[in-house]
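Student: Got a structure for you, questions after.
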Amino acid sequence: MDRVRDLSSKKAAVIFTKSSCYMSHSIKTLFYDLGASPAIHEIDHDRELERALWAMGCNPTLPAVFIGGRYIGSAKDVISLHVDGSLKQKLIDAKAIWF
């Protein structure tokens, strides 16, 4: 879990993904469209990191999205935040995007 905390706090926006996950691709695209440049950690061959995400309560484990070092949720949670308008503000508050 320490590794997840360390990686998730190094940038304002961090997404843990698998290269074959279409939902991960959609979330990355959404962040790019909003003007963010998140750190992307593809964990295709890192079972230890995936287990650590699961142990932290990331369920489903991927994509696991962190903003400002805090776990935001998976794709469903991020889409909900985007629809209600609060995702962009969270990115601004974390200084992942500027306006």
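Student: Quick one: compute a quarter of the convex hull surface over the Cα atoms of the chain and quote it in nm².
Tutor: On the way: hull surface 22.0 nm².
For the chain, the mean projected area of the Cα convex hull comes to 5.5 nm².
Student: Separate question: Whole-Hz Karplus ³J(HN,Hα) for region 19-36, in order, using 6.51 cos²θ - 1.76 cosθ + 1.60 and θ = phi - 60°, x for Gly and Pro?
Tutor: Karplus values, whole Hz, x for Gly and Pro: 4, 8, 8, 5, 5, 4, 4, 5, 5, 4, 4, 4, 4, 4, 5, 7, x, 8.
Student: Let me confirm the definition first: pairs of Lys residues in the chain, 8 or more apart or on different chains, C-alpha distance under 20 Å. How many are there?
Tutor: Here the count comes out as 17.
Student: Okay, next question. So, with a 1.4 angstrom probe, what is the percent of accessible area on the chain that is carbon and sulfur? Don't skip to the end; give the middle numbers.
Tutor: Details: 2980 of 5760 Å².
In the chain, the share of accessible area belonging to carbon and sulfur is 52 percent.
Student: So in the chain, what percent of DSSP beta bridges are antiparallel if you round to the nearest 5?
Tutor: Values: 7 of 11 bridges.
Counting only bridges with both partners in the chain, antiparallel ones make up about 65 percent.
Student: What's the center-to-center distance, using Cα atoms, between region 45-99 and region 1-44 in Å?
Tutor: Cα centres, region 45-99 to region 1-44: 8 Å.
Student: Is region 56-99 best put as rounded, prolate or oblate by its Cα gyration tensor, with a ≥ b ≥ c the root eigenvalues, rounded for a/c under 1.5, and otherwise prolate when a/b is larger than b/c, oblate when not? Walk me through the numbers on the way to the answer.
Tutor: Numbers: a/c = 3.01, a/b = 1.53, b/c = 1.97.
The shape class here is oblate.
Student: Give, in nm to one decimal, the length gained when the segment between D84 and M56 is fully stretched (0.36 nm per residue of separation minus the Cα-Cα distance).
Tutor: Details: separation 28, 0.36 × 28 = 10.08 nm, distance 2.54 nm.
Answer, rounded to one decimal: 7.5 nm.
Student: Once amide H atoms are placed 1.01 Å from N in the peptide plane, what residues at a sequence separation of 5 or more from H41, or on another chain, have their amide H within under 5 Å of its amide H?
Tutor: Result for H41 returns I15, F16, T17.
The values are calculated or read from the model by the stated rules, or taken from the named source; none is laboratory data. Values in this document were obtained by computation on a predicted structure and should not be read as measured data. Surface accessibility is based on the protein's heavy atoms, side chains included, excluding ligands, DNA and RNA. Shrake-Rupley method; radii C 1.70, N 1.55, O 1.52, S 1.80 Å.
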